[in-house]
Amino acid sequence: RSAPTHPPHPPRSPARRPAPPSPQESSPVSPALHVHPEVAEALATGRGVVALESTLLAHGLPEGDNRRVADELEATVRAAGAVPATIAVFDGVAHIGLDADRLDRLCTPPADGALRKLSVRDLGPAAGLGLSGATTVASTAALAHRVGVEVFATGGLGGVHRVFPVGSGAAFDISADLGVLARTPIVVVCAGVKSILDVPNTLEYLETQSVAVLGYRTDAFPGFYLADSGQGVPWRVEQPGEVAAILRAQQELGVASAGVVLAQPLPVDRQLDPTLHDATLAQGMELLRSRGVVGKDVTPALLEFFHHHTGGESLRANIELVSANAGLAGQVAVELAATPR
Ligand code: PSU
Ligand code: MN
């Protein structure tokens, strides 16, 4: 039995698709891209869809917790009335929406080593060479946009890394997340950028790249584990419907070539204790420097260091913030579905 073949979704008109495939079959868009049938049907019928990234599961959370969180995030999106689409690459095929077996595979490292961490520049090589890996904010945004998904949820955006020690010249590390947001019209729901980064410079970069930054019910730009990064937000919104109105207005005005960052803080009483945070960050940075950790290993190594050195507090905060973001992304997706372009 062969699955029906669909042409690629034109990114801007997700609501007018041919009849959805039968639920048991995967929905190949191209040999390198498969849309899960439930996601394909939701896109075809104009329902809200939320993309979820997989690097935070495979590389940002410990094995054991990650599989439970994967289910929790999807359930949270569904509770908001939208359809979840966790994105990852398996055996050279980018999957938009994962079944339980693929979520298992994502969350349990294979015997021959962890799944790769795939940014946008890695998608071509992974697909072309038939390899597997988890997608970052950058690659999740690119793939989600490719099939017409307009919103996705993560924990904390990548950004401009801190240089430590200052003046050492050892770091010139700017996450590809920022470059992709600069050219991909999608709403990213996050708890700001990771507090392990240079937050002021990251915000400057987003301004230069014309990425809209919205604080969700806050005037303070959140700092991932911390409710307040010490920076402000250019715009504050109170309701998911306002976010949908902003994206639609950008599209109508022809200024929607970049993404929209919707930053939702943890409640102050749920954040990581700032004193513990600062001490852990200083130690973690020193460890990275002494071990020579660079490139794409920096973020997973620092997150793991936090999880071990805060007695699980950073893990608790991380899971809570990602969950809250999935829920808000679901609400925004529902509002976007109610106001088609
Ligand atoms: N949010 C989390 N945990 C994570 C990440 C985000 O709560 O692990 C991941 C995202 O996939 C993001 C990546 O794209 O961290 C940033 O990595 P880098 O700094 O190497 O670009
Ligand atoms: Mn980097």
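The values are calculated or read from the model by the stated rules, or taken from the named source; none is laboratory data. This structure is a prediction, so every number in the text was calculated from the model and none was measured. Cβ: placed from backbone, ideal geometry, glycine included. Neighbour counts: every protein chain shown.
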Check: Here is a list of conditions, (1) within 13 Å of ligand 1 (Cβ to nearest atom); (2) assigned to a loop (DSSP other than H, G, I, E, B); (3) modelled with pLDDT of 95 or more, and Ser139 meets all of them except one; can you say which number that is?
Finding: (2)
Next item on the list: Could you check how many residues of the range 52-71 are within 12 Å of ligand 1 (Cβ to nearest atom) and surrounded by 20 or more Cβ atoms within 10 Å (Cβ to Cβ)?
Entry: 12
Notebook entry, point to check: For the range 54-67, does any single residue satisfy the condition of being farther than 22 Å from Ala301 by Cβ and either of a type outside the set (Asp, Glu) or outside any loop (DSSP other than H, G, I, E, B) (or both)?
Noted result: no
Next item on the list: List the helices (runs of 4 or more DSSP H) that sit entirely inside the range 235-341 and contain at least 1 residues that are within 16 Å of ligand 2 (Cβ to nearest atom).
Entry: 274-291, 298-309
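Restricting attention to the range 186-230, which residues are polar (S, T, N, Q) and under 15 Å from Gly156 (Cα atoms)?
Ser195, Thr202, Ser229
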Next item on the list: Hey, can you tell me all the residues within the range 102-132 that are touching a residue at least 12 places away in the same chain (Cβ under 8 Å) and on the phi > 0 side of the Ramachandran plot?
Entry: Gly130
Notebook entry, point to check: Listed residues Arg270, Arg248; which is farther than 22 Å from Gly159 by Cα and within 16 Å of ligand 1 (Cβ to nearest atom)?
Noted result: Arg270
Check: Going by the structure shown, is Leu98 at pLDDT 95 or above, part of a loop (DSSP other than H, G, I, E, B) and in contact with a strand residue (DSSP E or B) (Cβ under 8 Å, 6 or more places away or on another chain)?
Finding: yes
Item checked: Odd one out for Ala85, checked against (1) crowded, with 21+ Cβ neighbours inside 10 Å; (2) at positive phi -> (2)
Notebook entry, point to check: Are any residues in the range 183-194 of a type in the set (A, V, I, L, M), modelled with pLDDT of 95 or more and either in a loop (DSSP other than H, G, I, E, B) or within 13 Å of ligand 1 (Cβ to nearest atom) (or both), and if so, which ones?
Noted result: Ile186, Val188, Val189, Ala191
Next item on the list: Residue by residue through the range 135-154, note down the ones that are crowded, with 24+ Cβ neighbours inside 10 Å and under 11 Å from the mean Cα position of the chain (by Cα).
Entry: Thr135, Thr136, Val137, Ala138, Ser139, Thr140, Ala141, Ala144, Val151, Phe152, Ala153, Thr154
Check: Can you find a residue in the range 156-179 that is surrounded by fewer than 24 Cβ atoms within 10 Å (Cβ to Cβ), at pLDDT below 95, β-branched (Val, Ile, Thr) and part of a loop (DSSP other than H, G, I, E, B)?
Finding: yes
Next item on the list: Evaluate the following for Val163: is it within 16 Å of ligand 2 (Cβ to nearest atom), of a type outside the set (Asp, Glu), over 30 Å from Glu38 (Cβ atoms) and within 20 Å of the chain's Cα centre (by Cα)?
Entry: no
